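Notes to accompany the following structure.
The values are calculated or read from the model by the stated rules, or taken from the named source; none is laboratory data. These numbers come from a predicted model, not from an experiment. Because the Cβ atoms are built from the backbone with ideal geometry, glycine has one as well, and the counts that use them run over all protein chains shown. With ligands, DNA and RNA removed, areas are computed over all heavy atoms of the protein, side chains included. Shrake-Rupley method; radii C 1.70, N 1.55, O 1.52, S 1.80 Å.
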Amino acid sequence: MDKFRMIFQFFQSNQESFMNGICGIMALASTQMYSAFDFNCPCLPLYNLAYGLGILLVPPFILFLLGFVLNNNISMLAEEWRRPQGQRGKDPAVLRYMFCSMAQRAMIAPAVWVSVTLLDGKCITCAFCTSVPVETLGNASHPLLSQGEIQRVLARIPCKEIYNGQQLIANEVAVRYLRCISQALGWCFVLLMTTLAFLVRSLRPCFSQAAFLKSRYWSHYIDIERKLFDETCAEHARSFAKVCIQQFFEGMSTDLVAARCHLPRKAPVDAEEAAEKLLGITDRGTMNTVLKSWHRCKPPLHLHPPALPTGNGWAGEGQPPTHPSAPRRETAAYYSSV
């Protein structure tokens with residue numbers, strides 16, 4: 001349990017670790033889905049290709065979209081892309097970094113599905129069973145079958161229980177031939193994905209490390225800023241609700257006292273603290289204005305530093321800073337006359 005707790009804490013440490021964990025879980029889920037999937041080839045010349053390629057390509061596309069849906073940064077990317085210019089410019093490099101980062105993680109589960117499917121070989125066997133070279137592997141000079149009948153017989157190769165073309169080509173030979181081709185494609189796909197990942201990880205710092213660091217930093221900044229803004233809004237909403245409820249009950253108690261129902265009144269302990277957290281925003285219209293202003297014109301990314309000395313003088317009003325005086329020691333003397 002301690003190991004699982006450590007893994008869970010690592011996934012919650014930051015946004016990238018969390019998304020890596022989600023993508024790993026989706027990759028494992030894709031393999032489990034394929035192992036639990038009941039593959040049934042239609043064994044018809046017009047449907048085998050569509051069924052085989054559909055099972056090979058449609059689930060990876062769904063998993064790719066699901067990877068984007070589960071990524072929390074997709075809404076942040078959309079908001080940053082669609083928001084007005086305002087007081088803060090939009091950096092296209094940061095948007096590209098965010099999109100590429102999400103796309104790379106979303107591609108993990110589809111790549112696992114395609115790899116497992118090709119290495120298993122059922123989809124390729126179903127899709128291309130009518131393309132088996134009968135001239136090389138079987139008896140192409142069978143006098144009793146036309147070309148259309150040969151296609152119908154070959155389409156039944158994945159369905160061993162109804163295959164009736166042993167005189168044309170052996171079922172085991174055709175299945176092994178197609179499965180070898182599928183496994184070769186699967187290993188080539190795995191090698192290609194591994195090589196691309198290696199090149200991206202190893203060669204990217206050699207060319208644009210500074211730009212990569214800047215894009216990564218500001219991408220993290222946008223994520224953290226959004227979280228802090230949500231937390232601040234939640235805290236303000238909590239304080240606003242508390243003050244509203246307290247004012248409501250105070251008004252009700254005043255009405256009851258006016259109706260000669262003497263009730264004990266106790267001053268709320270956290271009333272002043274909740275009022276301080278409102279920051280002067282005490283009505284709905286002002287809060288809506290603040291939210292619209294945050295969306296339309298976010299504050300520029302420039303902090304105002306304190307006044308610093310320039311030359312022989314001081315910046316600001318020309319007055320040197322006043323240092324706090326050391327605390328004075330007070331002594332008391334007692335005199336007595338004898």
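Here are the numbers for this structure:
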{"item": "Probe 1.4 Å, protein heavy atoms only - accessible area per residue of segment 95-189 in square angstrom", "result": "52"}
{"item": "Carbon plus sulfur fraction of accessible area for segment 63-106, probe 1.4 Å, in percent", "result": "63"}
{"item": "Charged-residue dipole, Cβ positions (Lys, Arg, Asp, Glu), segment 143-213 about Cα centre, Debye nearest 20", "result": "220"}
{"item": "Tensor-based shape of segment 1-207 (alpha-carbon gyration tensor, a/c under 1.5 rounded, otherwise prolate or oblate)", "result": "prolate"}
{"item": "Residues of segment 209-258: accessible area per residue with a 1.4 Å probe, Å²", "result": "69"}
{"item": "Cα centroid of segment 30-53 to Cα centroid of segment 123-198, whole Å", "result": "15"}
{"item": "Shape of segment 162-231, Cα gyration tensor, a/c cut at 1.5", "result": "oblate"}
